[in-house]
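The values are calculated or read from the model by the stated rules, or taken from the named source; none is laboratory data. Keep in mind the model is a prediction, meaning the values are calculated, not measured. When we count neighbours, we look across all protein chains shown, and the Cβ atoms used for this are built from the backbone with ideal geometry, even at glycine. For accessibility, only protein heavy atoms count, side chains too; no ligands or nucleic acids. Shrake-Rupley method; radii C 1.70, N 1.55, O 1.52, S 1.80 Å.
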Amino acid sequence: MNVIVVSAVCVYNQSGQLLTVRKRGTGKFMHPGGKPEAGENAAEAASRELLEEVGIDVAPADLEPLGVWHAVAANEEATTIEATVFTAPGIWEAHPSAEIAEIRWLDVTEPWPEDLAPLLTDHVLPALESPK
């Protein structure tokens with residue numbers, strides 16, 4: 001089985017909704033994020049991807065670690081992702097760019113849509129619901 005290392009970021013709007021994105025040619029919504037480039041650590045990759053994909057500029061040092069999980073890759077057959085997930089402090093607006101086809105703000109207190117990536121449903125959303 002292939003393993004892809006990625007970074008992802010939880011971003012919230014003024015209504016407390018979580019940002020999800022759908023990349024072009026895919027059917028699953030996930031966090032903004034992606035694979036690190038050569039020499040990047042997880043926070044640097046998360047910061048760069050957040051800016052490239054949705055126009056949100058957060059310094060790597062300002063990202064707050066949420067956890068590291070393994071999950072089934074949403075868009076790649078026979079592949080697992082190892083995801084380092086951060087939270088971006090503050091309230092944001094997002095605009096799809098780069099490979100992002102669509103953004104959707106998710107009310108995490110409502111029933112979850114069927115088209116969310118396994119990382120979200122299996123790990124991140126349960127972690128966000130549990131008391132700190």
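Considering only Thr121, Thr84, Thr109, the mean-square fluctuation computed in a Gaussian network model of the chain, springs between alpha carbons under 10 angstrom, is largest for Thr109. Here the Gaussian network model covers the chain, with springs between Cα atoms less than 10 Å apart; of Pro113, Pro36, Pro96, Pro113 fluctuates the most.
For the chain, averaging the sequence separation of C-alpha pairs within contact (under 8 Å, six or more residues apart) and dividing by the residue count gives a relative contact order of 34 percent.
Between Asp62 and Glu77, the simple spin-label model (points 7 angstrom out along Cα→Cβ) gives 4.2 nm. Antiparallel beta bridges, as assigned by DSSP with both residues in the chain, represent about 65 percent of the total such bridges. Only protein atoms count toward the accessible area here, which uses a 1.4 Å probe; on segment 7-51, the carbon and sulfur part of that area reaches 48 percent. Exposure here means at most 14 other Cβ atoms within 10 Å; with GluC sites (Glu not before Pro) in a DSSP loop as sites, the longest stretch of the chain lacking them is 38-75. The residues of segment 52-132 expose on average 55 square angstrom of accessible surface per residue, using a 1.4 Å probe on protein heavy atoms. With a ≥ b ≥ c the root eigenvalues of the C-alpha gyration tensor of the chain, is it rounded (a/c under 1.5), prolate (a/b larger than b/c) or oblate? It comes out rounded by the Cα gyration axes. Our helix-only sum for the chain, with -39,500 (n - 2.57) per DSSP H run of n ≥ 4 divided by its residues, gives a mean residue ellipticity at 222 nm of -4000 deg cm²/dmol.
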